[in-house]
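Just so it is clear, none of the values below were taken in a lab; they were calculated from the coordinates. Source: prediction; values computed, not measured. Every residue, glycine as well, gets a Cβ built from its backbone with ideal geometry; the counts of neighbours run over all protein chains shown.
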Amino acid sequence: MQLSTKHLLGIKDLQLSDIELILSTAKQFKEVLQRPIKKVPSLRDVTIVNLFYENSTRTRMSFELAEKRLSADVMNFSASGSSVSKGETLLDTVRNILSMKIDLVVMRHSASGAPHFLAKHIPVSIVNAGDGINEHPTQALLDAFSIIENVGELKGRKVTIVGDIMHSRVAMSDIYLLKKAGAEVMVAGPPTLIPKYISESFDVRVEYNLKKALQWCDVANVLRIQLERQHQVLFSTLREYSLSYGINKRLLDSLGKKITIMHPGPINRGVELNSDVADSDQSIILHQVENGVAVRMAVLFLLSNRSALN
């Protein structure tokens, strides 16, 4: 089987069959990662460039490890210290890189739509590793993989996304994927951090009371406050936010049921999550990180149109 698309630009444009294919392939690659020798020659003759115009730790390391586990040749590009600082355009930068015979581009950019722009101008496949406040498709895929692994199929599951919904590309990709897979979705947080159009446009529930939101769900995906993307004051202080929307063990214990806690990282401990929750047995945050490698291996493998995992 093959993906219906040449690129992975977002979850919005994927078919459910594409999502299912990626997740089933990721399951096979996770089995590979449990072996003593965790490397396969699947992409041995493929060259991939990680084109990161924005800071990243988990996503960049995860992609690089996935590429190396697949035996691909890897080039890493950072905007800082490159010709971008001299005024070189995105298109010129990529065209210069492609002249070195690159087969696939993994791209993160602060501008929403940058990977989509690039896909119209270059002939190789592009993986969106996060574009502005638009989408972060591989994070949604690994979140879905982690939920399935932990609580079973997505259909009929209740998932609450808590925090800075307005500025979160993770929230957008998660909503698209969960809705396609038949899950029920709620967003929760301060009114100033939840877009007014989201309920009607995305068919999700909205809840401003954190305890009610957590009592409703099976899984809570907790997002950080993205101060770097906020251009106006949307709440008074981080302490005030933590008092109203921070999750601690006392709150979880008061729910009368056990829910699964997720977080895409990086965690602001003591703000959206206390350590007694982040490090508890209800948290699958480190499993998300582990699953990210398998999911990204699957995406790269499928976009390269290879027929065998090896």
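For the charge dipole of the chain, defined by +1 on Lys and Arg C-beta atoms and -1 on Asp and Glu C-beta atoms about the Cα centroid, which residue among 209, 1, 137 has the Cα displaced farthest towards the positive pole? The residue sitting most towards the positive pole is 1.
The residue 286 and residue 37 beta-carbon pair, evaluated with R₀ = 22 Å, returns a calculated FRET efficiency of approximately 0.45. Using a 10 angstrom Cβ neighbour count of at most 16 plus a DSSP loop assignment to flag exposed GluC sites (Glu not before Pro), which longest range of the chain is free of such sites? That would be 154-310.
Exposure proxy ranking for 225, 259, based on other Cβ atoms within 10 angstrom of each Cβ and starting from the fewest, stands as 259, 225. Sequentially through the stretch 125-134, phi angles give Karplus couplings (6.51, -1.76, 1.60; θ = phi - 60°) of 6, 10, 10, 7, 9, x, 10, x, 9, 7 Hz, Gly and Pro residues having no value and appearing as x. Take the convex hull of the alpha carbons in the chain; its mean projected area over all directions comes to 16.1 nm².
The simple Förster model, with R0 at 41 Å and r as the Cβ-Cβ distance, assigns residue 239 and residue 76 a FRET efficiency of 0.60. Arranged from fewest to most other beta-carbon atoms within 10 Å of their beta carbon, 167, 263 become 167, 263. Loop-located chymotrypsin sites (Phe, Trp or Tyr not before Pro) in the stretch 141-218 (DSSP state other than H, G, I, E, B) with a sparse environment of at most 10 neighbouring Cβ atoms within 10 Å: 197. Pair-distance distribution of the stretch 137-288: all C-alpha pairs, bin width 10 Å, starting at 0; shares per bin in whole percent are 11, 46, 37, 6, 0. Note on 90, 303: ascending count of other Cβ atoms within 10 Å places them as 90, 303, the fewest first. Length available on full extension from residue 275 to residue 153: 0.36 nm per residue minus the Cα-Cα distance, which gives 41.1 nm. If the segment from residue 92 to residue 203 were pulled out straight at 0.36 nm per residue, it would be longer than the present Cα-Cα gap by 36.0 nm. Label separation (residue 100 vs residue 249): 4.9 nm, computed from points 7 Å beyond Cα along the C-beta direction.
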